[in-house]
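Let me begin by presenting the structure, written as structure tokens, before commenting on it.
The values are calculated or read from the model by the stated rules, or taken from the named source; none is laboratory data. Every value quoted in this text rests on a predicted model; they were computed, and no experiment measured them. Counting neighbours? That spans all protein chains shown, and the Cβs are built from the backbone with ideal geometry, glycine included.
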Amino acid sequence: MYQKLSDLTRLIAQAMALLGGGLLIAVVVVTFVSIAGRAMVPLDIGLGPIRGIYDTTEIGIAGAVFAFMPWCQYMRGHASVDLFKPAFPGLMNRVLDLLLDAAMLAVAVLIAWRLYLGMLDKHSFGETTLIAQIPVWQGFALSLIGAVGFVLVAAFCVLRSARVLVHPATAEDAA
């Protein structure tokens, strides 16, 4: 059962990371096209910059950042201080891992909750971006997808750390 849950969590984290990578590639391509179009304005061949490129870049990058968070959490890639870890006994390190994963779950839940409330707020007021007039709630919704993935993966990581705490021999299987 644990292995199936681990595989599903890994799949979610990988899919989110691939989505984030796709978003970054799309932002790069759109930015390139806009810059190339801007450079061709003096040639008067009908091309120009993309209207609202800053708006779309902002939304795309925000979505990509949140899409990478589940993979980072799954791979234990978030910033940590390992200065004293070699000096601590294994049990203490496992307890710290569990506590830090629980804290990260709390942070993930808080982020997702506040993004959700922000999305509802932006939707109710009908706020749009300045140039492209894109509804701002759509950027929040895109980021919320990654934030929810982050919550799911962080919850699994708490389970993974608790399992390793109770059964230290499973530490090799944990990642």
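With the structure loaded, tell me whether Leu117 is within 15 Å of Ala162 (Cβ to Cβ) and within 25 Å of the chain's Cα centre (by Cα) or whether it fails that test. Please lay out each step first, then the result.
Working: within 15 Å of Ala162 (Cβ to Cβ): no; within 25 Å of the chain's Cα centre (by Cα): yes.
The answer is no for Leu117.
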Mind counting the residues in the stretch 107-128 that are exposed (fewer than 12 other Cβ atoms within 10 Å of the Cβ) and either in contact (Cβ under 8 Å) with a residue 24 or more places away in the chain or part of a helix (DSSP H, G or I) (or both)? 3
Taking the stretch 72-106, which residues are free of Cβ contacts under 8 Å to residues at least 24 places away in the same chain, closer than 30 Å to Gln138 by Cβ and either in contact with a Cys (Cβ under 8 Å, 6 or more places away or on another chain) or in a helix (DSSP H, G or I) (or both)? Cys72, Ala106
With respect to Ala162, is the statement that it is out of contact with any strand residue (DSSP E or B) (no Cβ under 8 Å at 6 or more places or on another chain), within 26 Å of Ala79 (Cα to Cα), of a type outside the set (Phe, Trp, Tyr) and surrounded by fewer than 16 Cβ atoms within 10 Å (Cβ to Cβ) true? yes
Failed condition for Lys85, given (1) among the basic types (Lys, Arg); (2) more than 23 Å from Val153 (Cα to Cα); (3) at pLDDT 85 or above, with all others met? (3)
Test result for Phe66, touching a residue at least 60 places away in the same chain (Cβ under 8 Å) and among the aromatic types (Phe, Trp, Tyr): yes
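Hydrophobic (A, V, I, L, M, F, W, C) and under 18 Å from Thr9 (Cα atoms), is that true of Leu105? Step through it out loud before you land on a result.
Values: hydrophobic (A, V, I, L, M, F, W, C): yes; under 18 Å from Thr9 (Cα atoms): yes.
Yes, satisfied.
Being over 30 Å from Pro70 (Cα atoms) and not in a loop (DSSP other than H, G, I, E, B) is the filter here; which residues of the stretch 34-53 pass it?
Taking the stretch 34-53 and keeping what is over 30 Å from Pro70 (Cα atoms), we get 34-51.
Passing the criteria: Ser34, Ile35, Ala36, Gly37, Arg38, Ala39, Val41, Pro42, Leu43.
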